[in-house]
1. Classify the range 103-156: rounded, prolate or oblate, from the alpha-carbon gyration tensor (a ≥ b ≥ c, eigenvalue square roots; a/c under 1.5 rounded; otherwise prolate if a/b is larger than b/c)?
2. Over the chain, give the accessible area per residue in Å² for a 1.4 Å probe, as an integer.
3. Given Cα pairs under 8 Å that are at least 6 residues apart, what percent is the relative contact order of the range 5-158?
4. Compare the peptides 112-120, 209-217 by average per-residue count of other Cβ atoms within 10 angstrom and give them in order, highest first.
5. Taking the full set of protein chains and a 1.4 angstrom probe, give the accessible area of Met218 in square angstrom, rounded to the nearest 10.
6. Which lysines does Lys153 reach when only Cα atoms under 25 Å apart count, and residues fewer than 8 places away in its own chain are ignored?
7. Sorting Lys204, Lys124, Lys24, Lys37 by accessible area (1.4 Å probe), largest first, what list results?
8. Beyond 17 Å, what percent of the Cα pairs of the range 87-227 remain?
Amino acid sequence: MSIVIHGSALSPFTRKVTLVAMEKAIPFESKDINPYKPPEYFASISPLLRIPVLEDGDYVLNDSSAISAYLDDAFPILNGSLIPSTPKALGYVLWIEEYADTALFRDISEGVFRPTFINQMLGKPIDTGKIEEAVTQILPARFGYLENEISGKDYFSEDRLTLADISVYAQMVNLDHAGQLPQRETFPALMDLYSRIMSRETSKELHALEAQYLDLMMGQLKSSARG
């Protein structure tokens with residue numbers, strides 16, 4: 001096994017490349033990295049000190065988009081391509097990926113994930129006011145755009161799973177962990193997509209591992225708090 005993915009279980013970008021590898025049945029090893037306290041060697045493989053990082057033998061690659069593209073092209077004979085080859089479909093999939101990686105990530109991370117989990121890791125109370133603002137005032141616009149894009153379709157592009165679907169799903173899982181997924185009544189097409197991807201064997205397996213990781217992390221925090 002030569003593929004190693006350095007990352008964190010709750011990072012949506014690690015989740016994205018992990019799902020790409022799993023969907024294409026690529027054997028890989030995961031190595032956990034705490035991005036807030038990375039090991040000393042990390043700078044030698046990640047100039048920006050960001051996760052994920054891919055190692056394929058002596059080949060090292062940073063950035064989840066670059067890694068996803070590499071995995072998709074380097075292993076074409078397994079379960080097919082997750083990135084379309086036709087120009088318009090290719091451009092659209094990469095745009096949806098970018099929308100998820102920038103706007104959706106920022107608003108979920110700053111508005112829900114950090115106020116919930118990072119606060120607890122730092123010994124601070126959950127910022128319910130910040131979460132309420134994000135869920136009711138900020139994120140609906142993000143979901144509304146995606147709802148319009150996915151409406152009437154099972155997937156964003158080519159009537160099949162692509163990197164666009166994985167990228168959106170990878171961000172939304174952190175809302176799921178925090179119990180803050182959008183309402184199906186308000187965003188039915190988007191939530192249908194989320195459920196469709198969650199029902200895949202790859203996603204179910206990864207989600208179960210993440211839930212165990214999160215339970216362990218929260219348990220350790222509670223033990224530390226009790227002193």
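1. Verdict is prolate for the range 103-156.
2. Numbers: 11370 Å² over 227 residues.
Ligands and nucleic acids excluded, the result is 50 Å² per residue.
3. It comes to 18 percent, rounded to a whole number.
4. On the way: 112-120: 19.1, 209-217: 13.4.
Descending packing order for the listed peptides: 112-120, 209-217.
5. Rounded to the nearest 10, the figure is 30 Å².
6. Lys16, Lys24, Lys88, Lys204
7. From most exposed to least exposed: Lys37, Lys124, Lys204, Lys24.
8. Percentage above 17 Å: 62.
The values are calculated or read from the model by the stated rules, or taken from the named source; none is laboratory data. As the structure is a prediction and not an experimental result, all values here were calculated from the model. Note that we place each Cβ from the backbone using ideal geometry, even for glycine, and neighbour counts take in every protein chain shown. The accessibility values were calculated without ligands, DNA or RNA, using every heavy atom of the protein model including side chains. Shrake-Rupley method; radii C 1.70, N 1.55, O 1.52, S 1.80 Å.
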